[in-house]
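What follows is one structure encoded as structure tokens, with my remarks underneath.
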Amino acid sequence: MSGLNKNKIGASVASIFRFSKKINNKQTEQKLQEAEEKFSAAFNASPDLMAITKFSDGTILEVNEGYSKLLGFTRAESIGKTTTELLIWGNAKGRQKFVDLLLKTGQVIDFETTLRRKNGTMVTVLDSARIFTFQGEKCVLSIAHDITNRKQFEAVLKEKEEKYYTLIQKIEAGVVVHGPDTKILVCNSAAQEILGLTEDQLLGKTAFDPTWSFFKEDGSVANVMDYPVNLVIKTKKPLRNYILRVHRSNDKNDVWVLISADTILNKNGKIVQVVVTFVDVTKRKINEIEREQFFRFFNLSTDIMVIADPNGAFKKVNPTCLNLLGYTEKELLSKSFIDFVYCDDKQPTLDEMAKQIKIGSSLNFENRYLCKGGKVVWLSWRATFNKAEGLTYATARDITEKKLAEIAIDRKNRALKIVSGINQSLIHITDENVLLNDACHIAVEIGGYLLAWVGFAVQDKNKMVEVVARAGSGSTYLDDIKIVWANNEYGRGPTGSAIRTGKTQMSRNISIDPKMIPWRKSAKKYGFKSSIALPLINNRKTFGTINIYSGEIDAFNDDEVRILEELASDLSFGIITQRNRAEQLKMVEVIKSNESTLKEAQRIGHFGNWSWDMKTDKIVWSDEYYRIIGFDPKKIDQMKSEFVSLASHQLRTPLTGIKWLSELLLRDPEKTLTADQNDLMNGIVMSTKRTINLVDDLLDVSRIDTGKNLNLNVKPVDVVTLINFAINEKRPLINQNNLTVELSDALSKPIVLKVDKEKIQQVFENLLDNALKFSTPGSKINIGANFENNQVTFFVKDNGVGIPLANQSKIFARFYRADNATKIDNTGTGLGLYIAKGIIEYHHGKIWFESKEGKGSTFYFSLPLNVSGVKK
Ligand code: ADP
């Protein structure tokens, strides 16, 4: 539009404006003119449509440039025409409503309507209008603002919103849209389904009902601040991979949901919405929990758990497996598992594997595994082969302890069988050679050893060991080798050393034992892996050894050694008895042939005599007597002692067997015994123990009597510890009789003496046992020590029944018991003091007592402070 036209329009509008106000003075005219000009400028410059029409018929009086631009009519085409003529109103109803409003209030603001353009297209406008009077006629000033674009935009937006809504509804994930106040604005059906709530329950709610709750992964209840919407609002950050368990208020199961949440912000960065989406991950989560539980189980199990493939490789091993075998996981998985199996068990293990793949499982299969560092463990396996996967799932339990105990029992039993076999021979066999060969055969056949042989020490300058008996598959080994008992390389093996020292000697592993070098090659040829040499002793002199060879490394454990030592002692005894027997037979003949001479001698009474020493309970034979009967009557004593010794040996073995077997029954893990049977068994064990003690005492007595070695093992020992040990052993009896045992100050520090620990302890136990037995209940027992003249005197003092004066002189005699003792205690044997005396005298010591009947007794024994050896 031209500038001229603009002015024209301006003028016209200004004039209308002026007339509309009643202007009546010059001053205001000035202001009016200015206002007119401003209005005219605004009228012309407005991008919106502006028009002035007659109210009565709608004749257009003036339009602006915005009008022409919006509707396409020129000013000239429009002025003087009515809006109806120009068909400007797109909708008659709309026009009527507009007019009604205008009439009612005099003005209309932002009335949305459509106008038709010159070219027939429609335009949506917001129409505002005001009525004013011009030259007595009502006119209307209209301003219309084109909102077509906005409308279109809104329509697009609405369409989008609908699509968005449909999408939300159709999506399988739960979607909940919250307002900034956390109120729920939208929730889709998946959300309702997963959460177990209706739309009604959800919309507008800020918190759910109390029976409904979220739980966190650690099992704790999630409070409202842990809800996704609140977390997002708090942190203003999106939330990802948040997992909660939904405990739904209805009877449905709990569900696990994986949640994401995002904020929608406005231009100013303020949250307008929070969109929370979630999916049901219950199945996955339960799987995960189950997997975790399984792995926890796998990791915590105290049994070994492994997965292995049929090629013999571990696929997975649990920590117990690693701990037990001592290897790292890498080490175990890098090799075939058969490499870790103990050599002798490899083939049985492979056979079992093959069987297992064939039949699908294996139960209670036992084998040995090599741990890092060389230790060997016994494992008991249970395995299942899964054909589909080709994998074996196996568990194993460490049964080493049980197995070793079983082996120990087997060995004990084996040793016991050998001992009892040899003892049988001792009774029946009258020929030394037969006895020795028999002993070797028994050791090999019952014991399952590869070789047993007896060697005698030849008393010449070469100090050779002569093989006098042998048995076993490896007996030709002895033809290839040289063994001496001299202290040189051929004499430092177990046999030579046992003869020199009089002590049991062993080679636990021949293949690495340096002292076995001279015989290693031959031993290997015969498969000997360990050996033991047990000394044969008579009168404290070692005259030979019995030697046993095993195909196992370290085949002889402590118990077995103890039993085998007993065997050697029995065998020595047997050999000597055999040697004496001939002499004894000769003596019997002599006694018989001299019977008449003896009778005559007794009648005369002057040729020979004997006396009885009441103090020692010994018979002393005169030289004449010896001359008359032609042999030393002391031999009869010796024969008696040897009989006691033989009988005791015979008794001890079966008794020990009874004790072990009874204990085995009592220890039965299956607990097959009833309570009554259990009591009876305990009774058997107790009685057997008592009888074994008696037999042991008898053996000690016979050793003391025959002047045999008491087998003292002399070492520096703290005697105070022994005393305390003895007191502890007797604690039940002390408590039972309400007795007090008091130690003197001298026993507050160690007293170290060179003595045989077990024997001196035996002395203390005997003395204490007596003091306890013969004490009156509630009384006191004092134990103490005094040092004097380079010796220590121990005492055990009681306030008990005492020993009647008449019995005192014989109290150390064998089997002697005072008159008052038998009434108080019927378990005693009268051997304790006799043995104690023997032991103390072997230690160069003395034993004595002081006692008053009814007042109490004090038993003393003294030992040299610097004992350097024992009585020979
Ligand atoms: P046991 O105690 O088995 O009878 P001992 O040889 O130990 O055998 O003792 C022999 C005897 O000495 C006892 O029977 C008892 O008469 C007597 N005797 C030993 N110690 C005491 C003591 N402390 N009090 C009283 N009598 C004792």
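Between segment 427-491 and segment 111-175, how far is it from one alpha carbon centroid to the other, in angstrom?
125
Can you give me the % of accessible surface on segment 43-158 that is carbon or sulfur? Probe 1.4 Å, all protein chains present, nothing else counted.
Carbon and sulfur: 56 percent of the exposed surface of segment 43-158.
Could you give the semi-axes, largest first, of the ellipsoid that matches segment 482-574, computed as the square roots of 5 times the alpha carbon gyration tensor eigenvalues and rounded to whole Å?
Taking √(5λ) for each Cα gyration eigenvalue gives 21, 16, 9 Å.
What whole-number distance in Å separates the alpha-carbon centres of segment 340-374 and segment 262-312?
38
Mind listing the phi-derived Karplus ³J(HN,Hα) values for segment 461-470, rounded to whole Hz, using 6.51, -1.76 and 1.60 with θ = phi - 60°, and x for any glycine or proline?
6, 7, 6, 6, 10, 9, 7, 9, 7, 7
What accessible area per residue, rounded to a whole number of Å², is obtained for the chain using a probe radius of 1.4 Å?
Here the per-residue accessible area is 55 Å².
Please turn the phi angles of segment 288-303 into ³J(HN,Hα) values with the Karplus equation 6.51 cos²θ - 1.76 cosθ + 1.60 (θ = phi - 60°), one per residue in order, whole Hz, x for glycine and proline.
Listing the rounded values in order: 4, 4, 5, 4, 4, 4, 4, 5, 4, 4, 4, 7, 8, 4, 7, 8 Hz.
Report the convex hull volume per residue for segment 106-204, counting only C-alpha atoms, in Å³.
So the per-residue Cα hull volume is 158 Å³.
Order 333-341, 159-167 from most to least packed using the mean count of other Cβ atoms within 10 Å.
Taking the mean over residues of other Cβ atoms within 10 Å, the ranking is 333-341, 159-167.
Considering every pair of different Cα atoms, what Kirkwood radius, in Å, is found for segment 753-823?
Over segment 753-823, the inverse of the mean reciprocal pair distance is 14.0 Å.
I'd like the Kirkwood hydrodynamic radius of segment 71-122, using the inverse of the mean 1/r over distinct C-alpha pairs, in Å.
12.0
For a bin width of 5 Å, list the pair-distance distribution of segment 455-508 built from all Cα-Cα distances, rounded to whole %.
4, 20, 28, 28, 16, 4, 0
Once phi is turned into θ = phi - 60°, what whole-Hz ³J(HN,Hα) does the Karplus curve with 6.51, -1.76 and 1.60 give for every residue of segment 529-545, x standing for Gly and Pro?
Using θ = phi - 60°, the values come out as 10, 8, 8, 9, 10, 10, x, 9, 10, 9, 6, 6, 10, 7, 9, x, 9 Hz.
Of ASN413, ALA471, ILE289, whose Cα points farthest to the positive end of the dipole of the chain (charges on the beta-carbon: +1 Lys, Arg; -1 Asp, Glu; origin at the Cα centre)?
ILE289
Expressed as a whole percent, how much of the Cα-Cα distance distribution for segment 41-141 exceeds 17 Å?
Counting every Cα pair in segment 41-141, those more than 17 Å apart make up 49 percent.
If we restrict to alpha carbons, what Rg and Dmax does the chain come to, in Å?
Spelled out, the Cα radius of gyration and Dmax of the chain are 59.1, 198 Å.
Using only the alpha carbons, work out the radius of gyration and Dmax of segment 649-706 in angstrom.
Cα-based Rg and Dmax for segment 649-706 come out at 14.2, 48 Å.
Residues with amide H under 5 Å of LEU244's amide H, sequence separation 5 or more or different chain, H placed in the peptide plane at 1.01 Å from N; which?
Those qualifying (amide H under 5 Å, at least 5 residues apart or on another chain) are VAL257, ILE259.
Consider just the alpha-carbon atoms of segment 667-767 and return their Rg together with their Dmax, both in angstrom.
18.3, 52
What part of the accessible area of segment 213-261, given as a whole %, is carbon or sulfur when the probe is 1.4 angstrom?
Of the solvent-accessible surface of segment 213-261, carbon and sulfur hold 52 percent.
Would you kindly give the portion of the calculated P(r) for segment 189-298 that falls above 23 Å, as a percent of all Cα pairs?
Value for segment 189-298 (Cα pairs over 23 Å): 32 percent.
What nm value, rounded to one decimal, do you get for the distance between THR740 and ILE692 when each label is placed 7 Å out toward the C-beta?
The answer from the label model is 3.7 nm.
Explain nothing, just the number: relative contact order of the chain, from Cα pairs under 8 Å at least 6 residues apart, as a whole percent.
4
Which whole-number percentage describes the relative contact order of segment 357-495, with Cα contacts under 8 Å and a sequence gap of 6 or more?
12
Out of residues 5 or more away from ARG470 or on other chains, whose amide H comes under 5 Å of its own, with H placed 1.01 Å from N in the peptide plane?
When sequence neighbours closer than 5 places are left aside, the close amide H contacts are VAL454.
Can you tell me the mean projection area, over all orientations, of the convex hull of segment 366-502's alpha carbons? Units nm², please.
Taking a quarter of the hull surface, the average projection is 13.6 nm².
Given a 1.4 Å probe and every protein chain left where it sits, what share in percent of the accessible area of segment 402-468 is carbon and sulfur?
C and S atoms contribute 53 percent here.
Sequence-distant or interchain residues sharing an amide H contact under 5 Å with TRP89, placed H: which?
Here ARG116 satisfy the definition.
How many Å³ per residue does the convex hull of the Cα positions in segment 739-872 occupy?
Roughly 112 Å³ of hull volume per residue.
Filter the GluC sites (Glu not before Pro) in segment 663-753 down to the DSSP loop ones having no more than 14 other Cβ atoms within 10 Å, then list what survives.
Listed in order of number, the matching sites are GLU670.
The values are calculated or read from the model by the stated rules, or taken from the named source; none is laboratory data. It should be emphasised that the depicted structure is a prediction, and the values quoted were computed from it without experimental measurement. Neighbour counts are summed over all protein chains in view; Cβ atoms, including those assigned to glycine, are modelled from backbone coordinates with ideal geometry. Ligands, DNA and RNA are excluded from the accessible area calculation, which covers all protein heavy atoms including side chains. Shrake-Rupley method; radii C 1.70, N 1.55, O 1.52, S 1.80 Å.
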